[in-house]
Protein chains: 2
Amino acid sequence: MGIDYGLLAAGGAAIALLYSVVLIFYIRGQDPGTPKMVEIATAVRQGANAFLSREYTIIAPVAIVIAVLIYLFIDRPIDSGGAVAVGFLVGSTLSALAGYVGMAITVRTSSRTAQAAKNGLGPALSHAFRGGGVMGMAIVGFGLLGLSLYYIAYQGAISSDPATLAGLGFGASLIAMFMRVSGGIYTKAADVGADIVGKTEANIPEDDPRNPAVIADNVGDNVGDCAGMGADVYESFVVTAVAAIILGALIDLALKANLGYLPGDVASAIGSNQLLVYPLLLGFAGIIGSIIGGLYIRRSIRAEPMKALNVALIIAAVVAIIFDYIFGRLLFGVSNFSYSLLGSAVVGVVVVVAIEQVADYFTAYTHAPVKGIAEASQTSAATNFLAGFSTGLQSTAPSAIVLIAAILSSYYLGYYASGSNNLMGIYSTAIATMSMLSLTGIIMSIDSFGPITDNANGIAEMAGLEGKVRDVTDELDAVGNVTKATTKAFAIMSAALAAVSIFEAFQSEVNKQIVTHNLFSKYSLSPGGTLSFTLTDPHVIVGLFIGSLLPFYFSSFLIQAVQRAAFKMVNEVRRQFREIPGIMEGTAKPDYAKCVDISTQAALRELVKPALLAVITPLVVGFLLGPVALGGLLIGSVISGVFLAFTLTNGGAAFDNAKKYIELGNYGGKGSVVHAAAVMGDTVGDPFKDTAGPAINSLIKVLNTISIVFVSAIVLLALFV
Amino acid sequence: MGIDYGLLAAGGAAIALLYSVVLIFYIRGQDPGTPKMVEIATAVRQGANAFLSREYTIIAPVAIVIAVLIYLFIDRPIDSGGAVAVGFLVGSTLSALAGYVGMAITVRTSSRTAQAAKNGLGPALSHAFRGGGVMGMAIVGFGLLGLSLYYIAYQGAISSDPATLAGLGFGASLIAMFMRVSGGIYTKAADVGADIVGKTEANIPEDDPRNPAVIADNVGDNVGDCAGMGADVYESFVVTAVAAIILGALIDLALKANLGYLPGDVASAIGSNQLLVYPLLLGFAGIIGSIIGGLYIRRSIRAEPMKALNVALIIAAVVAIIFDYIFGRLLFGVSNFSYSLLGSAVVGVVVVVAIEQVADYFTAYTHAPVKGIAEASQTSAATNFLAGFSTGLQSTAPSAIVLIAAILSSYYLGYYASGSNNLMGIYSTAIATMSMLSLTGIIMSIDSFGPITDNANGIAEMAGLEGKVRDVTDELDAVGNVTKATTKAFAIMSAALAAVSIFEAFQSEVNKQIVTHNLFSKYSLSPGGTLSFTLTDPHVIVGLFIGSLLPFYFSSFLIQAVQRAAFKMVNEVRRQFREIPGIMEGTAKPDYAKCVDISTQAALRELVKPALLAVITPLVVGFLLGPVALGGLLIGSVISGVFLAFTLTNGGAAFDNAKKYIELGNYGGKGSVVHAAAVMGDTVGDPFKDTAGPAINSLIKVLNTISIVFVSAIVLLALFV
């Protein structure tokens, strides 16, 4: 062949990173605004930096301890040369880095966007989108670079023991979970606290510098929406690729062990290692698509933002598909099999477009659901809340239809193209998922302009810029709510789809361990038998229940954390208004640091319980009730988690836009009783959409990857199997 | 043996029914109060009767059509003599009757309780408890009578084809679902509407006759909390028994086909048909326990209500266990096997006590969670919502632990006592569930006093009785919230436990049909192979996703229905206050009928979508994607449904009691801003705890029973298997 596909993929990653560097230089070259704006932006940036530093100081030792444990109890026994521990460190470091870069660039872009907004919508958008592009390209670049270099370095270990790769995924998802949870608590504690007192009690606008929680709120946007989301999407990309590569390696192994495992033409098309690099090349194809789609947006966004985003997404998808075809042909030649994989890749990009439509319908104020919530606000906060919550619940059905159609169509594409091979069917689903995630670059560009304009608003408001800037960005803010809901749905959908592949890998690994250690009698199997996970087995049922419980219980901690911290925040803001004379007149400065402190303390302290829950539960279930119950747990967590997450993220975004719809002047507009009811709903929706909902995605991934990393020890040592 | 156990069980049912008749005569002999009270009670009763009549007029033709379809497509092909259709009609008629009786007696008891309250707490309680006792005993009596007579009539059909019995369960659960959904929408549309305008806008007390929605609200309590709950608990009892009997019959069949199927001593202890009647006799044992426990309550309730209820429950449990032992010895002699089943029965009653403790902790205002919600109300309705919702989510974990402990312990008791037989393990879990449900009588007695005192309050208020009566009953109302949460948890837990047994029956039935119609090649099985439901099969995964979706999507319709109807109700009440002069001064009468109309219309119209969803989805999935996907659906619906239901019912009750805690004078008491925030939370909790939450239980049961009834047609005709 002559082509090193691992290096080719790394080249794709380099393109993405280079492109993001170009954008960074462009952005840094722009006018950062008045000294006052620079001062505020710097304060926010320093706050965010300070928080991330404290967070990393806590996370780093935990990660190092886990890496050492992995080395001692996983790597050493299988003599892997430390591959799993190294993967864990690579994944976790890049995850932290992805979060940091996301935060660093958005905070810098925000002030420049605010400054540009003085000249109207066009220049502001142009900045915001370039900023979003940096984040998107950096994340996908880090993701693909880590994967391809790790693949090049440990190709032998992965081929002989595919589960090796799970360490990389575990590192990525563990750190992403930490950042999602702590960032989500930080930002919403500040936001909820600021809104309750500022908007409904003191009747001052959002981001008003008289509000003592305003700096904490803006820092929160950066550590939650930017750093947290960056790490989250990075890990979605990585874990999806990991699942696909593991499956590819499992098929290669099965084929080596039994040459008749697949029909001759399929086997010869597959060759050797091609199934492992195809997911990486899909990532490359998506990078090219994202760059081209992004160029379109910057030209067309000004007239109808939502339409321009949709067209750009479709352009990116089409370009990616063309490159998917080229790479597929390079790897698999011209064969039915090659076309069936291309078909799965098409399924993946169709899923992206479909979930974007679902999110738009349920969360944009141009459609009935959000209008219904606004209408329900006329009869109190309670009916507003019921309307918003039922909208979230309602959005689960179309999401489920997209998910199910994607699983079945991609599975059968691979299944029938490979002589009815189950593993090839599941690999094909993994390819659809990877194709979906390959569009991360454009999705993140579309998404990140939301937080950037949001922050620009904040800076403009605090620096006392005239109202025009706010008008320019207000419509974009509502669009941002829709695109953020899309990104979250995208991440959740990827968790659901990847879980199917990861479970297959888990099951293969369990059975391999049983063979390796000759544990047939321990697991009541006839020699050579395989352990299966059937719904008539009480261990599976118990595992399913525990798994299904986890998203509910996990969410309870996050929502409670926000509520408790917001409670303190409200009381602190009320206290400052009461005790510091002159705040409301603008003659005295509020004590911003106290509010930053409350958010910081809450974010770091309240992280512990949910994090432990996610890490300890699969290990306890595995070591106590065995791999069959653990398998049930993995599926159970996805089965309930995906719908709870859709309910929370779509419901939350719908609340927010219902409030915005009223602010447009409907039902009495700002300052009316109806608006006050809608602000209550928005406040409830905040931790739904930005704390609990998106964190469920990383929870599911942590459960999945930790289980595969520790599977050998679990199979060997489980007590009551 | 000489004893006809079917008749013995029918005798137990007769005792329960006789006992409830005695109580009815006692209650009817009491003073119904002043003419004004009688007038109001009559108006409420007529309203409730009118609604139930309209509802039954709609439901009856649907039930008849379904019975005919069952006869034509299920009974005729298997030549069962119409057993399934007859079972369906028996189950549905008794379900409707159980609901009607529950309503009829509570509405009659209420006015007498209000009258007795003039003489203090003691006499009022004595009445309320006797009323609750009627409902409890009538429901369990109807349940056991229907089951035992049907068993006697169709013993042959059940023994040769156990799934025959599913018709009875399907009828019971379908009608219960209709009544839960429509009653739940009716009552909460009125309640929410009345509270929003009455309590927070007009500042008039609950049940004030000036509130135009007050009659609708009181009618709603009867059609929702009484009729709906009666049918719901009846169906839980019946479906649990059906699941246990089907499993017993399956074991009998397996034993007949293969005498070595079980160890010799177990086989001889089992004899013939004993496993089928044991669940019925457990029902009998529970009736005796409930009667004796009920006698204790009436003596001891006056001092510390909650403590008296707990002690009564334990007395009932102990008595039931003693009779479980006696019946077990009668059926199975003295054997390890007999003791292992007794052990499972003990597990069942321990579950009841445990879920009562969990409900008490999360919903009583004596504990931290509810106090936390009250505290959070200080900083707005939003923080109140977040605190209440996270409390609901938090309650899932201890509930899950109880559930899992119950499944594992009961399963292994049966499994190890029968030479490691899987089916005996699951039968043993079914016995634990039946033992739990056998306490329905006492649980319902404890539960129903809540709605009765609630209604008594309403009548006292509307009839203008002095404040003392209200003081007497207010504390009981809070206790009622806890006991109602317990009953709901009881029903949900039974759905989760019964699902394990029902799934086993479903799987046996699927494989029997494959053998009968020689469908091995259709299902890609080797001849004689069995279809299994493994987590690596994409059909199972897709089924699990669809099943898990259903509780979320189903709930969205119910919550939305309440919100929409409440919206209309609020606007109507506001209109009447505005347009009818003299209402607030008490000189003009409000137009109660308009509000009754709004609730009635909403309850009947909004029933359609969720009912169709529950009935159509399993059939579409079964006929389209086959029995394996349908099996996934069944388990999926339980896996997510149980936790969503716990979140909603416990969260809702916690909201209500947080409000009550503030009304005791905490955080400013009634009329304060904090109280207003808590009323908002209570209003949100209303459809959570009384509409969506409890309806999930009947949804799960409908899905399970309809699937077993139609399994033969599905296995034969499924398209893409």
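Among the residues of region B:519-539, is any under 22 Å from the mean Cα position of the chain (by Cα), of a type outside the set (Lys, Arg) and either within 22 Å of B:Val239 (Cα to Cα) or within 11 Å of chain A (Cβ to nearest Cβ) (or both)? Scanning region B:519-539, I find no residue that is under 22 Å from the mean Cα position of the chain (by Cα), of a type outside the set (Lys, Arg) and either within 22 Å of B:Val239 (Cα to Cα) or within 11 Å of chain A (Cβ to nearest Cβ) (or both), so the answer is no.
Cβ-Cβ below 7 Å, separation at least six or inter-chain, first residue in region A:94-107 and assigned to a helix (DSSP H, G or I), second buried (at least 23 other Cβ atoms within 10 Å of the Cβ) and acidic (Asp, Glu): which pairs? Once the first residue is assigned to a helix (DSSP H, G or I) and sits in region A:94-107, its partners that are buried (at least 23 other Cβ atoms within 10 Å of the Cβ) and acidic (Asp, Glu) give A:Ser95/A:Glu235.
To keep it simple, each residue is scored yes or no on (1) more than 29 Å from the chain's Cα centre (by Cα); (2) part of a helix (DSSP H, G or I); (3) at negative phi.
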residue: B:Phe655; (1), (2), (3): no, yes, yes
residue: B:Ala676; (1), (2), (3): yes, yes, yes
residue: B:Met680; (1), (2), (3): no, yes, yes
residue: B:Lys689; (1), (2), (3): no, yes, yes
residue: B:Leu699; (1), (2), (3): no, yes, yes
residue: B:Ser712; (1), (2), (3): no, yes, yes
residue: B:Leu716; (1), (2), (3): yes, yes, yes
residue: B:Val721; (1), (2), (3): yes, no, yes
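Is it true that A:Ala387 is assigned to a helix (DSSP H, G or I), surrounded by fewer than 24 Cβ atoms within 10 Å (Cβ to Cβ) and facing chain B (nearest Cβ under 9 Å)? No.
Give region B:101-118 a look and list any residue that's among the charged types (D, E, K, R) and surrounded by 24 or more Cβ atoms within 10 Å (Cβ to Cβ), or say none.
B:Arg112
Scanning region B:186-199 for residues that are within 12 Å of chain A (Cβ to nearest Cβ) and in contact with a Ser or Thr (Cβ under 7 Å, 6 or more places away or on another chain) returns B:Lys188, B:Ala189, B:Val192, B:Asp195, B:Ile196.
Please indicate, with yes or no, whether at least one residue in region A:634-648 is closer than 24 Å to B:Ser380 by Cα and of a type outside the set (A, V, I, L, M, F, W, C). Step through it out loud before you land on a result.
As a first pass, look at region A:634-648 and keep what is closer than 24 Å to B:Ser380 by Cα: A:647-648.
Remaining after also requiring of a type outside the set (A, V, I, L, M, F, W, C): A:647.
Looking through region A:634-648, at least one residue is closer than 24 Å to B:Ser380 by Cα and of a type outside the set (A, V, I, L, M, F, W, C).
Residue-level analysis places A:Arg575 outside the set of residues that are surrounded by 17 or more Cβ atoms within 10 Å (Cβ to Cβ), assigned to a helix (DSSP H, G or I) and within 14 Å of another protein chain (Cβ to nearest Cβ).
Working only within region B:289-308, note down all residues that are assigned to a helix (DSSP H, G or I) and without any contact (Cβ under 8 Å) to a residue 40 or more places away in the chain. Correct list: B:Ile292, B:Leu295, B:Tyr296, B:Arg299, B:Ser300, B:Lys307, B:Ala308.
Which residues, counting only those in region B:262-308, are of a type in the set (Phe, Trp, Tyr) and at pLDDT 95 or above? Give the derivation first.
From region B:262-308, those of a type in the set (Phe, Trp, Tyr) are B:278, B:284, B:296; that's our starting set.
Across region B:262-308, the qualifying residues are B:Tyr278, B:Phe284.
Residues that are in a loop (DSSP other than H, G, I, E, B) and under 13 Å from B:Leu275 (Cβ atoms) within region B:331-353 are absent altogether.
So, B:Leu145, is that one surrounded by fewer than 24 Cβ atoms within 10 Å (Cβ to Cβ), among the hydrophobic types (A, V, I, L, M, F, W, C) and part of a helix (DSSP H, G or I) or not? If you could, list the steps in order and put the result at the bottom.
Values: surrounded by fewer than 24 Cβ atoms within 10 Å (Cβ to Cβ): yes; among the hydrophobic types (A, V, I, L, M, F, W, C): yes; part of a helix (DSSP H, G or I): yes.
For B:Leu145, the condition - surrounded by fewer than 24 Cβ atoms within 10 Å (Cβ to Cβ), among the hydrophobic types (A, V, I, L, M, F, W, C) and part of a helix (DSSP H, G or I) - is met.
Could you check region B:546-563 and list, in sequence order, the residues that are within 14 Å of B:Pro618 (Cβ to Cβ) and at the interface with chain A (Cβ under 7 Å from one of its Cβ atoms)? Within region B:546-563, B:Ile546, B:Ser548, B:Leu549, B:Tyr553 qualify. For region A:395-425, the set of residues classified as in a helix (DSSP H, G or I), surrounded by 24 or more Cβ atoms within 10 Å (Cβ to Cβ) and facing chain B (nearest Cβ under 9 Å) consists of A:Thr396, A:Ser399, A:Leu403, A:Ile407, A:Tyr411, A:Gly425, listed by residue number. For region A:652-660, does any single residue satisfy the condition of being away from every other protein chain (no Cβ under 12 Å) and surrounded by fewer than 24 Cβ atoms within 10 Å (Cβ to Cβ)? Within region A:652-660, one or more residues are away from every other protein chain (no Cβ under 12 Å) and surrounded by fewer than 24 Cβ atoms within 10 Å (Cβ to Cβ).
Does B:Ser428 count as assigned to a helix (DSSP H, G or I), closer than 22 Å to B:Leu313 by Cβ, in contact with a helix residue (DSSP H, G or I) (Cβ under 9 Å, 6 or more places away or on another chain) and of a type outside the set (Lys, Arg)? Break it down into steps so the answer makes sense when it comes.
Values: assigned to a helix (DSSP H, G or I): yes; closer than 22 Å to B:Leu313 by Cβ: no; in contact with a helix residue (DSSP H, G or I) (Cβ under 9 Å, 6 or more places away or on another chain): yes; of a type outside the set (Lys, Arg): yes.
Criteria not met by B:Ser428.
For region B:426-464, the set of residues classified as within 14 Å of chain A (Cβ to nearest Cβ) and among the small types (Gly, Ala, Ser) consists of B:Ser428, B:Ala430, B:Ala432, listed by residue number.
In the set (1) under 30 Å from A:Val181 (Cα atoms); (2) free of Cβ contacts under 8 Å to residues at least 60 places away in the same chain, the condition left unmet by A:Pro538 is number (1).
Just one of the numbered conditions (1) within 29 Å of B:Ile404 (Cβ to Cβ); (2) not in a helix (DSSP H, G or I) is not true of B:Gly528: (1).
Every listed requirement among (1) crowded, with 24+ Cβ neighbours inside 10 Å; (2) within 14 Å of another protein chain (Cβ to nearest Cβ) is met by B:Ala489 save one, (2).
Against the test of being more than 7 Å from every other protein chain (Cβ to nearest Cβ), of a type in the set (A, V, I, L, M, F, W, C), more than 30 Å from A:Ala496 (Cβ to Cβ) and in contact with a Pro (Cβ under 8 Å, 6 or more places away or on another chain), the options B:Val515, B:Val510, B:Val479 yield a single qualifying residue, B:Val479.
Candidates A:Val318, A:Val311: the one that is in contact (Cβ under 8 Å) with a residue 24 or more places away in the chain and in a helix (DSSP H, G or I) is A:Val318.
Restricting A:Leu634, A:Leu625 to residues that are at the interface with chain B (Cβ under 10 Å from one of its Cβ atoms), in a helix (DSSP H, G or I) and closer than 16 Å to A:Pro551 by Cβ narrows the list to A:Leu634. Is there a residue being of a type outside the set (S, T, N, Q), in contact (Cβ under 8 Å) with a residue 60 or more places away in the chain and part of a loop (DSSP other than H, G, I, E, B) anywhere in region B:53-67? No: region B:53-67 contains no residue that is of a type outside the set (S, T, N, Q), in contact (Cβ under 8 Å) with a residue 60 or more places away in the chain and part of a loop (DSSP other than H, G, I, E, B). Condition first: more than 8 Å from chain B (Cβ to nearest Cβ) and assigned to a helix (DSSP H, G or I). Now tell me which residues in region A:366-384 satisfy that. Those that are more than 8 Å from chain B (Cβ to nearest Cβ) and assigned to a helix (DSSP H, G or I): A:Ala368, A:Pro369, A:Val370, A:Lys371, A:Gly372, A:Ile373, A:Ala374, A:Ser377, A:Asn384.
One line per residue, one yes/no per condition, for (1) under 16 Å from B:Gly414 (Cβ atoms); (2) free of Cβ contacts under 8 Å to residues at least 12 places away in the same chain; (3) out of contact with any Gly (no Cβ under 9 Å at 6 or more places or on another chain):
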{"position": "B:Asp221", "(1), (2), (3)": "no, no, no"}
{"position": "B:Gly224", "(1), (2), (3)": "no, no, no"}
{"position": "B:Ala227", "(1), (2), (3)": "no, no, no"}
{"position": "B:Tyr234", "(1), (2), (3)": "no, no, no"}
{"position": "B:Phe237", "(1), (2), (3)": "no, no, no"}
{"position": "B:Val242", "(1), (2), (3)": "no, no, no"}
{"position": "B:Leu259", "(1), (2), (3)": "no, yes, yes"}
{"position": "B:Pro263", "(1), (2), (3)": "yes, no, no"}
{"position": "B:Val266", "(1), (2), (3)": "yes, no, no"}
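For A:Tyr5, the conditions (1) of a type outside the set (A, V, I, L, M, F, W, C); (2) within 30 Å of A:Ile270 (Cβ to Cβ); (3) at pLDDT below 90 all hold with the exception of (3).
The values are calculated or read from the model by the stated rules, or taken from the named source; none is laboratory data. Since the structure is predicted, the reported quantities are computational estimates derived from the model, not experimental observations. Every residue, glycine as well, gets a Cβ built from its backbone with ideal geometry; the counts of neighbours run over all protein chains shown.
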